[in-house]
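A.B. asks: Here's a structure for you.
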Amino acid sequence: MEDRRMIGLSVGRGETRQFLLEAGSMVMVVSGEVNVGQTTGWLCGQAVRVSQRLVGEEVWVAESGGWVDIVGNRSSELAVIPPDRISFWCKAGACLESWIARVRTRQRSAG
């Protein structure tokens, strides 16, 4: 894992954390046990949720982006690793920074 960002996370027993993940993100359980739940779609007006139980040294890969619930079955240590590619939000942020820089340049030259 060359230069990839990683979020370290601790979850206590019964504690729930919510994360917005991109498709291809990985949740790796370093120690402990968690359930990772994700809404995968709708069927007859009802949300369809899928839950995966993970124990120490197991990895779950988000096939689609969206919100996931990480629920601690025991005290657990996790690593959340984003996908290798440049994310949409990084691209959007770079475009926004570029736009702000152009606006500032115009303001300086006008004033």
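The values are calculated or read from the model by the stated rules, or taken from the named source; none is laboratory data. Note that this is a predicted model, so its numbers are computed, not measured. Because the Cβ atoms are built from the backbone with ideal geometry, glycine has one as well, and the counts that use them run over all protein chains shown.
A.B. asks: Take the stretch 29-41 and flag every residue that is surrounded by fewer than 18 Cβ atoms within 10 Å (Cβ to Cβ) and touching a residue at least 12 places away in the same chain (Cβ under 8 Å).
C.D. replies: Val30, Ser31, Asn35, Gly37, Thr39, Thr40
A.B. asks: Right, another one. List pairs: first in the stretch 64-92 and at pLDDT 70 or above, second surrounded by 14 or more Cβ atoms within 10 Å (Cβ to Cβ) and aromatic (Phe, Trp, Tyr), Cβ under 6 Å, 6+ apart or cross-chain?
C.D. replies: What qualifies is Val68/Phe19.
A.B. asks: Could I ask something else about it? So, Ile70, is that one surrounded by 10 or more Cβ atoms within 10 Å (Cβ to Cβ), assigned to a strand (DSSP E or B) and of a type in the set (A, V, I, L, M) or not?
C.D. replies: So Ile70 passes the test.
A.B. asks: Okay, next question. In this structure, is Ser51 surrounded by fewer than 16 Cβ atoms within 10 Å (Cβ to Cβ), in contact (Cβ under 8 Å) with a residue 40 or more places away in the chain and part of a strand (DSSP E or B)?
C.D. replies: no
A.B. asks: Ok, one more. Conditions first: (1) outside any strand (DSSP E or B); (2) in contact (Cβ under 8 Å) with a residue 40 or more places away in the chain; (3) surrounded by 10 or more Cβ atoms within 10 Å (Cβ to Cβ); (4) not acidic (Asp, Glu). Leu96 passes all but one, so which condition is the exception?
C.D. replies: Only one criterion is unmet by Leu96, namely (2).
Yes/no matrix, rows are residues, columns are (1) in contact with a strand residue (DSSP E or B) (Cβ under 6 Å, 6 or more places away or on another chain); (2) among the charged types (D, E, K, R):
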{"residue": "Val48", "(1), (2)": "yes, no"}
{"residue": "Glu57", "(1), (2)": "no, yes"}
{"residue": "Ala79", "(1), (2)": "yes, no"}
{"residue": "Cys90", "(1), (2)": "no, no"}
